[in-house]
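Encoded as structure tokens, the structure appears first; notes follow it.
The values are calculated or read from the model by the stated rules, or taken from the named source; none is laboratory data. All figures in this text were calculated on a predicted structure; none of them were measured in a lab. Don't worry about glycine lacking a Cβ; one is built from the backbone with ideal geometry, like all the others, and counts go over all protein chains shown.
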Amino acid sequence: MKTIYVDNNATTQVAPEVLESMLPFFKDLYGNPSSIHFFGGQVTRHINVAREKVAALLGCDPMEIVFTSCGTEGDNFSIRGVLEAYPMKKHIITTKVEHPAVKNTCEYLAKRGYFLTELSVNKEGMLNLDELRESIREDTGIVSIMYANNETGVIFPIEEIGQIVKEHNIIFHVDAVQAVGKIPVNLKNSTIDLLTLSGHKLHTPKGIGAQFIRRGTKIRPFVIGGHQEKGRRGGTENVPYIVGLGTACELAMKNIEKENVYVRRLRDKLENSLLANTPNARLNGRKTMRLPNTSNLSFEYVEGEAILLHLSELGICASSGSACTSGSLEPSHVLRAMGVPFTAAHGSVRFSLSIYNTEEEIDYIIEQTPPIIKTLREISPFGRKELKESLK
Ligand code: PLP
């Protein structure tokens, strides 16, 4: 059975160029970059080149990049590191639709004496910036808002948000894990103080991330240890993965525009066809201002999990929301925050494409999905009853 992978917001295939660039560091170039001898020094040079490549993609200074292990670490580092640096600041502003890496970190802090404001979203998944303005307090220490939502692909107006945040001189953290590599992100002249990215969403293996820390931003290290990363993140550097991330950023920089056009066309074809050929189907999240690769669709009166299992039997790998929350029968917190009706939130499927998807794969999904939904509705007493009601 052929695997058709359309779950790229969960993780991505490692690009062959990325893997190729990593291999020497598993074999010959195994020195420790902290060592004084030449063998360590040559490894340091490769780390610095990778740092330059990440910085080039983001439009920042290489010295503003710190390598981490993943997006979750970067999110924790940003939020907890800033609050520790400003002990009098006890208020955090975030949104109701953040990834658990931010959401659970903020909720953890809220149980330990911090005050938390979670901004709401409308039915299209967009924020109300007046609510942000009204939420800002004297003791607000950090505003942490994602660039693009992992479940719906909805992109927030980050620079407009940042203008409001910076009028109050508050530190602005952006979880850009889903944005970097998919849409242009430029930190030059930006209001962003801290930005988190994760390699495995842009074709590196899992286990590497990077953190942008604008020069002059006060932040305490999260991983405390040696003097690596100029004392900002302890732990011997994950050299092969850092080199791989550098290559992935270089590829993204070169290809992002043409990949966007290609992926968007396939995504739109899939989305338009499924919406047209399946009764009681809807798009979750706004149609414009959205990642070009993401489509979150609800097929009312069926269980999303059941759809996914049937798709999986055909080799089609999609998802019902964030990989970290699937497995729970609760509808997604993102769709609930958007006010998606219960019957639709339960039947949601996220298709997230990449440059490695082909037209034939999309045609296959288009052909196979509607009959699955039809069969599931026929065998589900819930589906039959509710569907009849809605079609009256
Ligand atoms: N933030 C967002 C928006 C994500 O989508 C993810 C992963 O899905 C993360 C953070 C966590 O990244 P990582 O898997 O690298 O820890």
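From the list GLY235, GLY225, GLY216, pick out the single residue that is outside any helix (DSSP H, G or I) and in contact with a helix residue (DSSP H, G or I) (Cβ under 8 Å, 6 or more places away or on another chain).
Answer to the check: GLY235.
Listed here are the residues, each with its yes/no results for (1) more than 16 Å from the ligand (Cβ to nearest atom); (2) under 15 Å from SER190 (Cα atoms).
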{"position": "SER120", "(1), (2)": "yes, no"}
{"position": "ASN128", "(1), (2)": "yes, no"}
{"position": "ARG137", "(1), (2)": "yes, no"}
{"position": "ALA148", "(1), (2)": "no, no"}
{"position": "GLU151", "(1), (2)": "no, no"}
{"position": "VAL154", "(1), (2)": "no, no"}
{"position": "GLU160", "(1), (2)": "yes, yes"}
{"position": "LYS166", "(1), (2)": "yes, yes"}
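Just checking: which of the strands (runs of 3 or more DSSP E) contained wholly in the stretch 238-356 hold 2 or more residues that are surrounded by 20 or more Cβ atoms within 10 Å (Cβ to Cβ) and either in contact with a strand residue (DSSP E or B) (Cβ under 6 Å, 6 or more places away or on another chain) or of a type in the set (D, E, K, R) (or both)?
Numbers: elements: 281-283, 294-299, 348-352.
Those strands (runs of 3 or more DSSP E) span 294-299, 348-352.
Between a first residue in the stretch 162-177 that is basic (Lys, Arg) and a second residue that is surrounded by fewer than 24 Cβ atoms within 10 Å (Cβ to Cβ) and modelled with pLDDT of 95 or more, which pairs have beta carbons less than 7 Å apart while being 6 or more apart in sequence or on different chains?
Cβ pairs passing all conditions: LYS166/THR191.
Only strands (runs of 3 or more DSSP E) wholly contained in the stretch 80-193 count here; list those with 3 or more residues that are surrounded by fewer than 21 Cβ atoms within 10 Å (Cβ to Cβ).
Values: elements: 91-95, 115-119, 140-146, 171-175.
Passing ranges, in order: 115-119.
All but one of (1) over 29 Å from ILE316 (Cβ atoms); (2) within 21 Å of the chain's Cα centre (by Cα); (3) small (Gly, Ala, Ser) hold for ALA10; which doesn't?
Looking at each condition in turn, ALA10 falls short on (1).
Could you give me the residue pairs with C-beta distances under 7 Å whose first residue belongs to the stretch 215-231 and is closer than 28 Å to ASN189 by Cβ and not assigned by TED's automatic domain parsing to the domain that holds LEU195, whose second residue is part of a loop (DSSP other than H, G, I, E, B) and of a type in the set (A, V, I, L, M) wherever it lies, and which are 6+ apart or on separate chains?
none
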